[in-house]
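Peer 1: Let me begin by handing over the structure; questions about it come next.
The values are calculated or read from the model by the stated rules, or taken from the named source; none is laboratory data. Not measured: the values here are computed from a predicted model. Don't worry about glycine lacking a Cβ; one is built from the backbone with ideal geometry, like all the others, and counts go over all protein chains shown.
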Amino acid sequence: MQDEEIKTDIMEIKELTRAEEQIMQVLWQLKEGFVKEVIDILPEPKPAYNTVSTIIRILETKGFVDHKAYGKSHQYFPIIAREQYQNFATDKLLNGYFDNSVKRMFSFFVQKEKIDLKEADEIMKLIEKLKE
C-alpha cells in the first residue's frame with residue numbers, strides 16, 4: 001500500500017456501522033488481508049465467510065478499502081488510515097454531543113468515571129506542556 005493511496009480529506013469519510021468498524025479494526029491491524037485472515041482475527045462466535053465478504057465489499061463501496069486481485073481471490077487493504085477515522089469519529093462525538101466543547105466532553109467522562117484521577121492528572125500535565 002502506498003502512502004498516497006491513503007485518503008486525506010476527512011470530509012470524504014462516512015460513518016461506519018459497528019460491524020464495519022470491527023472489520024476495519026482488523027484490516028488496520030493486518031494492513032492487508034484476505035477474508036479468511038480477517039475472520040481468523042475476529043472474536044468468537046466467528047461470522048460466516050459470506051457475511052465478512054459482504055461487509056468488506058460495502059467498505060470498498062464507502063471508500064475505506066481497496067483490493068488486489070489474485071485470480072478469483074482478493075486481498076483487501078485500508079485506504080483510510082485509522083487516525084483519519086479517529087479524527088472523524090472524535091469530531092462527530094465532540095460536535096454532536098458536547099457542542100464542540102472539550103471541557104464538556106472531559107467533564108462528562110469524569111462524571112461517568114471513564115477517566116480516573118491518575119488519567120486526569122496526566123491530561124493536566126499534557127496541557128501544562130502545551131502552554132510552555
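Peer 1: Going through segment 13-32 one residue at a time, which ones are of a type outside the set (S, T, N, Q) and touching a Leu at 6+ places or on another chain (Cβ under 9 Å)?
Peer 2: The answer is 16, 20, 23, 24, 26, 27.
Peer 1: Further question on the same structure: Being in a helix (DSSP H, G or I) and out of contact with any helix residue (DSSP H, G or I) (no Cβ under 7 Å at 6 or more places or on another chain) is the filter; apply it to segment 37-56 and report the residue that is surrounded by the fewest Cβ atoms within 10 Å (Cβ to Cβ). Step through it out loud before you land on a result.
Peer 2: We begin by selecting, within segment 37-56, every residue in a helix (DSSP H, G or I); these are 37-41, 49-56.
Filter once more, so that each one left must be out of contact with any helix residue (DSSP H, G or I) (no Cβ under 7 Å at 6 or more places or on another chain): 40, 50-51, 54.
Details: 40: 12, 50: 9, 51: 14, 54: 14.
The extreme case among them is 50.
Peer 1: Need the failing condition index for residue 59 against (1) in a loop (DSSP other than H, G, I, E, B); (2) within 21 Å of residue 14 (Cβ to Cβ), just the number.
Peer 2: Only one criterion is unmet by residue 59, namely (1).
Condition check ((1) touching a residue at least 60 places away in the same chain (Cβ under 8 Å); (2) surrounded by fewer than 12 Cβ atoms within 10 Å (Cβ to Cβ); (3) of a type outside the set (D, E, K, R)) across all residues:
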| residue | (1), (2), (3) |
| --- | --- |
| 63 | no, no, yes |
| 77 | yes, no, yes |
| 82 | no, no, no |
| 95 | no, yes, yes |
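Peer 1: Could you check residue 120 against (1) modelled with pLDDT of 85 or more; (2) surrounded by 10 or more Cβ atoms within 10 Å (Cβ to Cβ); (3) part of a helix (DSSP H, G or I) and say which number it fails?
Peer 2: That leaves (1) as the condition not met.
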